[in-house]
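This report refers to the structure that appears directly beneath it.
Read-outs throughout are calculated quantities, based only on the coordinates presented, and are distinct from any laboratory measurement. Quantities reported herein were computed from a predicted structural model and do not represent experimental measurements. Note: ideal-geometry Cβ built from the backbone for every residue, glycine included; neighbour counts use all protein chains shown.
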Number of protein chains: 2
Amino acid sequence: MVGDIAKRWKELSGNSKWKDLLDPLDLDLRRYILHYGDMAEVGYVAFNSDRRSKYVGDSCYTKEELFARTGYLKANPFRYEVTKYIYGTSSIRLPECFIIKSLSREAWNKESNWLGYIAVATDEGKKLLGRRDIVVAWRGTIQLYEWANDFDFPLESAVTVFPRANPNDEPRIANGWLSLYTSTDPRSRFDKTSAQEQVQGELKRLLELYKDEDITITLTGHSLGAVMSILSAADFLHNEWPKITPSLQHRLSCVTVFAFGSPRIGDRSFKRLVESLEHLHILRVTNVPDLIPRYPVFRFTDVGEELQINTLKSEYLKRSLNLGHFHNLEAYLHGVAGTQHNQGEFKLEINRDIALVNKGLDALEDKYLVPGHWWVLENKGMVQSDDGTWKLNGDRSKNKQEEEEEENNCKFP
Amino acid sequence: MVGDIAKRWKELSGNSKWKDLLDPLDLDLRRYILHYGDMAEVGYVAFNSDRRSKYVGDSCYTKEELFARTGYLKANPFRYEVTKYIYGTSSIRLPECFIIKSLSREAWNKESNWLGYIAVATDEGKKLLGRRDIVVAWRGTIQLYEWANDFDFPLESAVTVFPRANPNDEPRIANGWLSLYTSTDPRSRFDKTSAQEQVQGELKRLLELYKDEDITITLTGHSLGAVMSILSAADFLHNEWPKITPSLQHRLSCVTVFAFGSPRIGDRSFKRLVESLEHLHILRVTNVPDLIPRYPVFRFTDVGEELQINTLKSEYLKRSLNLGHFHNLEAYLHGVAGTQHNQGEFKLEINRDIALVNKGLDALEDKYLVPGHWWVLENKGMVQSDDGTWKLNGDRSKNKQEEEEEENNCKFP
């Protein structure tokens, strides 16, 4: 599971752009990518996407219980503590799958969604990881592929995020990405500040806290979350990096993005801006049959290094023409575990549990006897009251309810 | 909830064929029908129908925990103890939905399925019910309607079940029903005896046990289970009733069937045989838009009294052309709670929880904010092991596993 990660973390984090590690795909790098992929997956499985729930759009679990309730804790040896939840909104109208709104009039929040979390390695985690690692894990949106045909969002100047960009080469990115990253909702108690401000603020706070240790920032996400991870990493290096002390610059040796199934973000000027950020390492993992990384097609370009996997070659999976089977994050992680170089046959180099593939898909061959779409709350969150009737409130963990009540008590004493 | 059931149970059990109770539908009779419907529903929600599970075709729960784990206990004041599980097989090839077979080579049982249970009122239950009630609750098959077009099973003589029938008017029933009711599987440890023998044997045992009390036998089931409940009731009255003592005949004042959404069972000779059984009371509940009670169309006839409900009139439900929305047992029970006489408008006379309708359907209007198909085990029975991997074994309750292991220990010491 752990391999030589504690020794090789600089190389694995891309300080030489993963030269000679991708083909054939290095075994420790597989482990490393899977680790960050698992952290991105936590965002999916904790997210409440049931529009009939009052709590749609939020995490089902508190920061404290997030890793335990999502299966991460038992499956993964690297220990982190979640320090902040990221919330976001959009000032322009986005497809429903970006910001999910409740059908309930008693919704906890009309406009904001939980977009991910920030976590920092514990002392125990640091031992296995070789340094104090700060992770920004962005939640994706599984339905993004349903929008693939329309999501040619107009390009818009990103100069608000990158004010020091060359005025003659102004970066432009899709207005949908920009809006989600920078919008605020003054009515909300979660995102009076934008996702941008929440993330950059927390990074500054944590860097200050751990400025005397070897430290890294690793950003990860899948699909829409991959976009946000690249954008927030570039933002950090463009705006914050120049302001930090040389000593901390020395301590902070890598800012790395593991981006799974990322659609394209911006134009050639944006690409040039990203390439100018010398401390930024981006590994874009793409699955050969997944179409999302090829969208939007015109006027957009790819950034970072690319690692191609190919789940079409996996004999564990059903033959399928369902784009969801190719774009799903767990399918990607299965591909990372088993894809061979030079178009070789698929073989699981890492003994990753194949059952995970079916959490949100029915993609595994039936002979493995794993139910399809099996990641579900008991009775989808319906809980029986003492009077025998059933109500949708189990989608909120008990701790989460208490946290919520405490917050409400503080606000409205 | 309880109404005057303890006083009116003879009338409610049909000793005057529900005369003047059906239109308008008596309030206590609504409660009474819902109670037995709930007992039939227990068979559905406890049944493991996941073909990828080793335990497909069995009850997920032990006899002791059946009512608690299926939500019955909190919602229903009438207390029973489950005394026997019914298992069955078929010697002719039936549609997959009748006997579900596992995809696993390690299946608990290749040929048999759990077909229902027998329960007897506890002393506490007897107080509310007015007498010692023995219930035979047959599990249905939710997919029956998918077979409606083909299930014109050939009629076959039922003289093996009804040996004393008039030889010039030999009853004939669908060979599928007959096979399921009478087949044995000598290789199985569950149904070395047929469902018929299991049920009739247990009824004799319980009658002997409670012969000095006021006692009733109530049989209930939905769809295929409704067929079995009518068949087993007729079997009892044809074969066992003549053998019991006059004193017990006096004590046993009603043998009643509440049959929900029953397809037709046999021909006119079968109907004449059923009508000749004077102590048998059958109430067939049919939903106007449900087509199953009209099948098979030719050479088959209806038996018993009919109570028509009409869920098309319910404003709680989405407009739908999905036959499942009309045939589903919880939809029937919603209809029993709210159907008005003389084609009046729908109005819930019993404050039955509407959320129940969506247990196995997505039929409720969205505004009620109840997820569709919400009756699911947590993670569909996938359970994480300490090593982080996921396995399908949570579909077996812990107690059930222990019960199983004990049985195995006894058999193979």
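Results, tabulated for the structure shown:
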{"quantity": "222 nm mean residue ellipticity, helices alone, for chain B (DSSP H n ≥ 4; -39,500 (n - 2.57); rounded to 500)", "calculated": "-8500 deg cm²/dmol"}
{"quantity": "For B:Thr62, residues with placed amide H under 5 Å, excluding near neighbours", "calculated": "B:Lys400"}
{"quantity": "Label distances, nm, B:Val288 versus same residue in remaining copies, Cβ-directed 7 Å point", "calculated": "5.9"}
{"quantity": "Options A:Gln200, B:Ile292, B:Val42, ranked by Cα towards positive dipole end of the protein assembly as shown, top entry (Cβ charges)", "calculated": "B:Ile292"}
{"quantity": "Hull shadow area, averaged, the stretch B:1-85 [alpha-carbon convex hull, nm²]", "calculated": "7.0 nm²"}
{"quantity": "Choice from B:Thr62, B:Thr141, B:Thr389 showing the highest fluctuation, given a GNM over chain B with Cα pairs closer than 10 Å", "calculated": "B:Thr389"}
{"quantity": "Isotropic mean projected area of the C-alpha convex hull, the stretch B:249-376 (nm²)", "calculated": "10.2 nm²"}
{"quantity": "Distance-filtered residues of the stretch B:233-268 - backbone nitrogen under 20 Å, label point 7 angstrom along B:Asp212 Cα→Cβ", "calculated": "B:244-253"}
{"quantity": "Within the stretch B:164-246, GluC sites (Glu not before Pro) in DSSP loop having at most 15 other beta-carbon neighbours inside 10 Å", "calculated": "B:Glu213"}
{"quantity": "For chain A, share of DSSP beta bridges that run antiparallel, in % to the nearest 5", "calculated": "50 percent"}
{"quantity": "Entries of A:Lys84/A:Lys110; B:Lys126/B:Lys347; B:Lys313/B:Lys359; A:Lys10/A:Lys127 with Cα pairs more than 23 Å apart", "calculated": "B:Lys126/B:Lys347"}
{"quantity": "Chain A residue with Cβ closest to the axis mapping A onto B, distance in whole Å", "calculated": "A:Glu378, 2"}
{"quantity": "Helical segments meeting 15 Å axial Cα length and Kyte-Doolittle -0.5 threshold in chain B (DSSP H)", "calculated": "B:27-46, B:224-235"}
{"quantity": "Rough spin-label spacing in nm, given labels placed 7 Å along Cα→Cβ, for A:Arg268 and A:Lys204", "calculated": "3.6 nm"}
{"quantity": "For the protein assembly as shown, the Rg and Dmax computed from alpha carbons only, in angstrom", "calculated": "31.6, 105"}
{"quantity": "Selected from A:Pro242, A:Pro167, A:Leu369, residue furthest toward positive end of dipole (the protein assembly as shown; charges at beta carbon)", "calculated": "A:Pro167"}
{"quantity": "Between the stretch A:73-133 and the stretch A:154-181, the alpha-carbon center distance in angstrom", "calculated": "24 Å"}
{"quantity": "Whole-angstrom Cα spans of the stretch B:73-221 along principal axes, big to small", "calculated": "48, 45, 31"}
{"quantity": "Relative contact order computed over the stretch B:215-349 (Cα-Cα under 8 Å; 6+ residues apart), in percent", "calculated": "22 percent"}
{"quantity": "Label 7 Å beyond Cα on the Cβ vector: B:Leu22 copy-to-copy distances, nm", "calculated": "7.5"}
{"quantity": "Normalised contact order of chain B, rounded percent, pairs of Cα under 8 Å and 6 or more residues apart", "calculated": "15 percent"}
{"quantity": "Neighbour cut-off at most 11 other Cβ (10 Å), DSSP loop, trypsin sites (Lys or Arg not before Pro), the stretch B:51-99", "calculated": "B:Arg93"}
{"quantity": "Label point 7 Å beyond Cα along the C-beta direction, distances from B:Ser104 to other copies (nm, shortest first)", "calculated": "3.5"}
{"quantity": "Normalised per residue, the volume of the convex hull around the Cα set of the stretch A:5-376 (Å³)", "calculated": "133 Å³"}
{"quantity": "DSSP-defined beta bridges in the protein assembly as shown - what % are antiparallel, rounded to 5", "calculated": "50 percent"}
